[in-house]
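Read the figures in this text as sums done on the coordinates, not as results from a lab. Note that the structure is a prediction, hence the values are computed from the model and not measured. Here the Cβ positions follow ideal geometry from the backbone for every residue, glycine too, while neighbour counts run over all protein chains shown.
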Amino acid sequence: MASVGRGVDLKDKEEVKEYLENLGIEYRFGCYHEKNPKACHLLGDYMEAVKKDFHRALKIYETNCLDFSFAHSCHKTAGYRSVGKASDKDLDTAYDLFVRGCDLGYFPSCLNAGLIDQGLAEQTQRKRDPKRAAHYFKRACEGGEIAEACHRYASYFLKGVDQVIQVRWCLAMRSSFRSALCCSSCRRTWRRPFASPCWAATWAVCPHAPM
């Protein structure tokens, strides 16, 4: 793919317009003729950001997800479905697509699947499932090092969930230090005397700990 803006005078409206049209042609060729999933995703982005054709963008993302298993396109499709953008709102379908994106290795999808399991399940045909939410938060934390996922995963083990998740301070602290929210989680745990054996090793490697 060509580097965006290379050799283009971005102050010249006509030159930018021509460049964007050529970019669209390049993405279409890469997607429809070369069957390149990355090009298809970029074509979806082009339709979304440049042409503002959200229905077309959604169709491209969805096809690229289901036919070519392109993880980021699954995530984008799920995002559209979750809010009803260019489509009917369908959080059940969105959830399935987030899970697909997660399974294909796009870790922000893992976080979103976990968020639905944690707090939005009542808007779907599912029940809230903290254990499954923790599973997806763990994948997003450990695989993608997504701070919010690490914090949410750690929070489950700081507080526990009755008859579902046991309190595990050391595990909570190990997950916490991956997150920018590490300090608050670690400090809360450190105040509990029986967690102190975990403290020194965990706090020492916390990238956000004060020196």
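Just a few scattered comments:
- Least to most buried among SER109, SER69 (fewest other Cβ within 10 Å first): SER69, SER109
- Restraint check, LYS13/LYS85; LYS38/LYS59; LYS52/LYS127, Cα-Cα greater than 26 Å: LYS13/LYS85; LYS52/LYS127
- Legend: ranking of residues THR124, THR77 from fewest to most surrounding C-beta atoms inside 10 Å; resulting order THR124, THR77.
- Rounded FRET efficiency, nearest 0.05, which uses the C-beta distance separating GLU18 from ASP90 and R0 of 35 Å: 0.35
- Extreme residue, positive dipole direction of the range 1-144, given options GLN123, CYS31, TYR46 (C-beta unit charges): GLN123
- Note, ³J(HN,Hα) from phi for the range 46-54, Karplus 6.51, -1.76, 1.60, rounded to Hz, x at Gly and Pro: 4, 5, 6, 8, 9, 8, 6, 9, 6
- Translational diffusion of the range 1-159, µm² s⁻¹ [Kirkwood Rh, Cα pairs; Stokes-Einstein; 4 °C; 1.567 mPa s]: 77
- Just so you know, the Rg over Rh for the range 1-68 is 1.01, from Cα atoms, with Rh as the Kirkwood radius.
- The listed peptides 92-101, 20-29, ordered by packing as a protection proxy, come out as 92-101, 20-29 (highest mean of other Cβ atoms within 10 Å first).
- Burial ordering of HIS75, HIS33, HIS55, fewest other beta-carbon atoms within 10 Å first: HIS33, HIS55, HIS75
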